[in-house]
Every structure is written in structure tokens, then in C-alpha cells.
Amino acid sequence: MALRRPHRKSRHGCLECKRRRVKCDEARPVCSNCAKRHSDCEYGSSSSLLWANEEPGAPQSTRTSGSDSCQQLDPVLGFPATTDSLGLFNRLGNNYSSASLPALALNLHDLELMMQWCNSTFYTLSRNERTDSVWRNAVPEEALSYPFLMHGILALSALHLARTGPDTSKRTVYLNRAVAHQNQALALFRGLLGDIQEKNAKAMFAFASIVVVYTFGFPHTPDTQDPWTCVDDFHQVLVLTRGIQQVIRSPASFLGDNSFAPIFQIDEVRVPLLEPASTNLKRLRDANERCAVRDSSHEVEVYTATINDMEDMLSWVYGGMNASAVAGKWAITLPQRYLELLQDREPLALVILAHYGVLLQLLKHRWCFEEQCIRVAKSVWAILDDQWRPLVHWVMCEILGENYLEHAELL
């Protein structure tokens, strides 16, 4: 945008021509003499300056039809409505023309998923009001620099909509989006597993947590013909959760004094287990001891540690800790050998897995666990024989109700 003076000839020409005592043709904005000499051209005048949008040689600014003293103002912008009233804006941005810029289309699908995250999905990972702002604000902000985290956010939001959205006809669409984003996220994430450092610690930690919830929440096709399918699925979930824990452990050392710190400030509230939970866990311990008496190869210490971990997690939840992280914490703290025994399909390992279903039942207000508690209970019940089923009676009552035997055809 140029500054111009009222369009009228000066008797003396520009100041530079006057100093050199040469005739000035008074061309604006630079006279011919100054243009040839590459000199600064300036006209002396006491007249007020007017804003002009037109280029040199453009027509004079138009006057209002009813007034000869002022220009018509644009009713919205408040700028003079000249023949080039948008010239100012056209010259902003380093004079880029619209033709030189790529066409940027809004991805409304991804915007919808990000809104879902900020409005609802972030609660799935948050533990309390102190951690709300971390998951709602700090994590998406970090995702702007790390595409794998952004894809992870969008994947979990799409899965959340698929599981809980009001429009069930879009369930498959959202599931497809969830899978697509998760696949892209994992492909990018794997490349950084060997290079975890302070600058990417937040993103790595956040994505690892999202993966665990995604794994629990992804729906599985019911397989009533083979209950082992469900058990194998849960075994994989527990193995994955333990593996993710290894990823979390490294960046966690960088996160104690930054915006992610509230996540690690856990107020553990353990309460003594009341009846009938305490009695049922005692039955598990008694069964473990009996197995050790009958079979010298029975790994009593592994089962003891696993049952103790289950008791700790149940006491957390009964004490008011209802965060999703509790479900993952059991998988992280249990002995690795237990997972091997579960894979070997040992009966007591299956009984303890059924009790894990009770832990998920207590967390079923979290959408990602709602189906899992029922699946694990039904599957273990279908596998166990009459010798072992009494040990999961409490589990079945907690998850399916006192009359669970009336639904035996569904088990």
C-alpha cells in the first residue's frame, strides 16, 4: 500500500530536482530524473496525506455520489471502498497470489475425531481433575510435533465413537478409521523405539498409554464354538501391556518435572477387602497350597505373587481408584511366568484370569472394558470342568448376577 498526496502538480517539482536545478516532470511516485539516478524522490507539500490502494497510474479514488469531501467506506471492513478496496489484503503475506498456494481442504473426519478426543475420549485415560488437562490439552499439543501420537489420538477417538456413538449405522466406518490411524501410528512409532530421549519422551509415553486402552477397547468377534479364542486374545492383551510398560519405563524418567508430572503423582488408596471378595481370594490361596501338595512341580510362588497382585488391584478399586491404568497395572506387576502358565492352559491360571474379569467389571464405566469382563468370565467358565468351577462362582455372580446358571446356553 502506497502513500500518495492529493493529485496536483507542484510548481517546483520534487525536492531532488529542485536541489539539482533541473526541470522535473513531476511523475509520481518517482520522477524521471530521480528514476535515472536511482535517487530518493520526495515532493514537498503541506497537504494532508491520503491512503491509496491503487498502484501507480491507477485511476483516482472514487468519491461518494452524495459527498465531494470523503470516500465511501466499506460497510464491513471500514476501509475506503476504492476500485481496489481489497488491495491491502491481496498484498499481505509476501505478495503470494492464490494461484501460487496449494488448495487446502479441511479434513472434517479428522476434525470430528479431535473434537471427540477433547470433549470425551481423553477422560478414558485421565485419572482425576489433576490429570484432565494433561490428556485433554498437553497430549494433543505434543501430537502436533509427533504424527504417530496424533494418529494414536485419532484412532482411539474413532474407536470410542464406534463403541459408544449414537449412530450405530456408522460403527463400521469408525472402526475402519480407527484401524487406519492405528496402523499408521504403529508404523511411525516402531521407528522410534530405539531412540527414546527427553525431547520425545512425552509423545512416547502418551502413545504407549493409548495403545493399551485401544487394545482393551477394540471389539472382538464372539466365538461361542471355541472359548479358547477369548483366552488367547486376553493373553495377547496382557503380553502387549507388559511390552508397552517397557516403553513407558524409559521416558517416564524424563517426565517427573514437566507438564506430564500429574500423571505420576498417584495417591494410592488401599482398603482391606471386604466379604465376599476376601473370602474368595482365600479360597484361591488354599487351592494353590493344595495343588502344591499334590504336585511337587506346581509353581506355588508364582501363583501366590499373582494372587497378591490381584488383591492389591482390587483394593485400589474398592478404595476409589477407578482409572483405566489399574487394569494395565495388574498386567505389568504380575510375574512373567504366570503368562507362560496361562499360555500352557493351566487350570489355576485360568481361574485367576476369571478374577481379572471382576477387576474389569469394577471398571466397566470405562467403555473400553465393558465387554471384556463378560467375555473372559463366560470363556473361562466354559473351559473349566466341575472340579474348578466352584472357584469362579463368585466371579460369575459379580459379573453376570446370581442367576448366571440360567444363561448356561450362552456360556
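The values are calculated or read from the model by the stated rules, or taken from the named source; none is laboratory data. Quick caveat: nothing in here was measured; it's all calculated off a predicted structure. Here Cβ is always computed from backbone atoms with ideal geometry, including for glycine, and neighbour counts include all displayed protein chains. Surface accessibility is based on the protein's heavy atoms, side chains included, excluding ligands, DNA and RNA. Shrake-Rupley method; radii C 1.70, N 1.55, O 1.52, S 1.80 Å.
Given R₀ = 25 Å, FRET efficiency for Gln265-Ser145 by Cβ-Cβ distance, to 0.05? Intermediate values should be presented prior to the final figure.
Numbers: r = 25 Å, r/R0 = 0.99.
Once the sixth-power term is evaluated, E becomes 0.50.
Backbone N atoms of region 15-33 closer than 15 Å to the 7 Å Cα→Cβ label point of Glu42 belong to residues 15-20, 30-31.
Return the FRET efficiency for the residue pair Ser296, Cys397: r is the Cβ-Cβ distance, R0 is 30 Å, and the value is rounded to the nearest 0.05. List each step's numbers first, then the result.
Details: r = 34 Å, r/R0 = 1.14.
With a Förster radius of 30 Å, E is 0.30.
In summary, region 178-330 shows an alpha-carbon radius of gyration equal to 1.27 times the 2.2 N^0.38 Å reference for compact globular proteins. Cross-link partners among lysines for Lys36, C-alpha distance below 30 Å, same-chain residues fewer than 8 apart left out? Cα-Cα hits under 30 Å: Lys9, Lys18, Lys23. Sorting Arg21, Arg285, Arg127 on solvent-accessible area from highest to lowest, probe radius 1.4 Å, gives Arg21, Arg285, Arg127.
Shape annotation for region 256-392: C-alpha extents along the principal axes are 53, 30, 29 Å, from largest to smallest.
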